[in-house]
Amino acid sequence: MSARIAVIPGDGIGREVVAEASRVLQAIGGLALEPFPWSADHYLKTGITIPAGGYDTLRSFDAILVGALGDPRVPDNRHARDILLGTRFELDLYVNYRPVRLVDDRLCPLKNRTRRDINFVVFRENTEGLYVGAGGRMRPDTDEEIAIQEEVNTYRGVHRIVRYAFDFAVGQGIQKVCMADKSNAMTHGHALWQRVFKELAPQYPTIEATHLYIDALAMLLVQSPDQFEVIVTNNLFGDIITDIGGALQGGLGMAASGNIHPGRTSMFEPVHGSAPPLAGKNIANPIGAILSAALMLDSLGRAEDARRVERAVEEAVHAGETTRDIGGSLGTREAGTAILKRLS
Ligand SMILES: NC(=O)c1ccc[n+]([C@@H]2O[C@H](COP(=O)([O-])OP(=O)(O)OC[C@H]3O[C@@H](n4cnc5c(N)ncnc54)[C@H](O)[C@@H]3O)[C@@H](O)[C@H]2O)c1
């Protein structure tokens, strides 16, 4: 039976890159793709971000593929909050899995670094932290304004993401796990991260467990990315450092991600946003979306198909048949075709 995939192209370049990822998935076969219109356009037309029962609808699928959400016509980003953050929270997709892997040496912006140096995974906690929306504004839009945004860290939440990172490392035969926080300054919330890490690390005697403050990690990702294998961190820090990760891979257009709850419906999306200046011009790089579709195939137990997609991407990149952001001269659609052609 075909796996059922909910597809939410969303806004801006999300629509263009998801169209290419969908073509790749159709070529792979054994998947029934069902599109959903939830986006800024849909919200502006109907006043609905995600309809009543929308999260339950998503739960009934085997996986979800998303493009990007964000549109300047919705300045408070309400629709993105409901559709994207809402799905992460409501479906309890606590693992944000972001592999950082250089596909071709020439794409790395660092001097003398090769594919061997840039190959690590970031696990970002995806349901807590500063993104839960706790806080408020007093006397908004006055000189007396006070704005508070609170960070939520729970023992259960920190424990399950750190445990997932260790288990992943063991499962993949990886030796090193680095936890990054800011416990020197954020002495309450991040003391909890310290406690959990110290509690779990001894349970994984084959793993070299290290800790870095997030600012030091940001520096080292540029200076010596080769030392990292698995990084685990909170929601905000993971969001920021995976943009550094995107740059190390050749640009945000190359970066893929999965929002995962093991054993349940998970959601896959490129790391990049809707990039309004690029939208509708057939110039966005579809590779981040296509590699996200490969992560989805992996999660559906179709590892061989996932590797086929990754190999097709690598071959197209090596041949220079790509969009301009990574040195090619093709449009989004044509870059998708270059990958499709290598699948068969
Ligand atoms: N997961 C998401 O849906 C998500 C993530 C980040 C930002 N956003 C939203 O997207 C909108 C734009 O945000 P932003 O400009 O900060 O980030 P962005 O990722 O959309 O774009 C930043 C820049 O990265 C480059 N880029 C990104 N994707 C690319 C691609 N596929 N091909 C080539 N170049 C690419 C472009 O130069 C672009 O201007 C905002 O509304 C923001 O809230 C959504």
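What follows draws every value from the coordinates through simple rules; no lab data is involved. Because the structure is a prediction, the values reported are computed rather than measured. Reconstructed Cβ throughout: ideal geometry from the backbone, glycine too, with neighbour counts over all protein chains shown.
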- Query: Just a yes or no: is a residue in the range 302-309 within 24 Å of residue 225 (Cα to Cα), outside any helix (DSSP H, G or I), more than 10 Å from the ligand (Cβ to nearest atom) and not hydroxyl-bearing (Ser, Thr, Tyr)?
  - Reply: no
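Any idea which of 344, 329, 257 is small (Gly, Ala, Ser) and closer than 28 Å to residue 39 by Cβ?
257
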Checked against (1) more than 29 Å from residue 213 (Cα to Cα); (2) β-branched (Val, Ile, Thr); (3) near the ligand (Cβ under 10 Å from one of its atoms), residue 271 satisfies every condition except (1)
Note on the range 130-183: residues of a type in the set (Gly, Ala, Ser), closer than 22 Å to residue 207 by Cβ and assigned to a strand (DSSP E or B) are 180
Checked the range 245-259 for anything over 12 Å from residue 288 (Cα atoms) and either within 10 Å of the chain's Cα centre (by Cα) or among the polar types (S, T, N, Q) (or both); matches are 259
Here the residues within the range 304-334 that are surrounded by 21 or more Cβ atoms within 10 Å (Cβ to Cβ) and of a type in the set (S, T, N, Q) are 322, 323, 332
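Residue-wise test of (1) assigned to a helix (DSSP H, G or I); (2) under 30 Å from residue 322 (Cβ atoms).
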residue	(1), (2)
197	yes, no
206	no, no
217	yes, yes
244	yes, yes
250	no, yes
259	no, yes
263	no, no
268	no, yes
Within the range 275-299, residues being crowded, with 24+ Cβ neighbours inside 10 Å, within 11 Å of the ligand (Cβ to nearest atom) and either part of a loop (DSSP other than H, G, I, E, B) or small (Gly, Ala, Ser) (or both) number 6
Going through the range 60-81 in order, the residues found to be outside any loop (DSSP other than H, G, I, E, B) and surrounded by fewer than 20 Cβ atoms within 10 Å (Cβ to Cβ) are 78, 81
Among 57, 49, the single one that is over 18 Å from residue 19 (Cβ atoms), of a type in the set (S, T, N, Q) and within 16 Å of the ligand (Cβ to nearest atom) is 49
Within the range 6-41, the residues that are in contact (Cβ under 8 Å) with a residue 60 or more places away in the chain, in a loop (DSSP other than H, G, I, E, B) and surrounded by fewer than 23 Cβ atoms within 10 Å (Cβ to Cβ) are 30
Picked from the range 250-266 (must be of a type in the set (A, V, I, L, M, F, W, C) and surrounded by 22 or more Cβ atoms within 10 Å (Cβ to Cβ)), the residue farthest from the ligand (Cβ to nearest atom) is 260
Practice problem: Kindly indicate whether any position in the range 311-318 is away from the ligand (no atom under 15 Å from the Cβ), under 24 Å from residue 5 (Cβ atoms), in contact with a helix residue (DSSP H, G or I) (Cβ under 6 Å, 6 or more places away or on another chain) and in a helix (DSSP H, G or I). | Solution: yes
Counted residues in the range 111-129 being crowded, with 18+ Cβ neighbours inside 10 Å, of a type outside the set (Val, Ile, Thr) and in a loop (DSSP other than H, G, I, E, B) come to 3
Apart from one, (1) within 24 Å of residue 88 (Cα to Cα); (2) in contact with an Asp or Glu (Cβ under 9 Å, 6 or more places away or on another chain) all hold for residue 240; the odd one out is (2)
**Asked** Taking the stated definitions as given, is residue 106 surrounded by fewer than 19 Cβ atoms within 10 Å (Cβ to Cβ), in a helix (DSSP H, G or I) and of a type outside the set (Phe, Trp, Tyr)?
**Response** yes
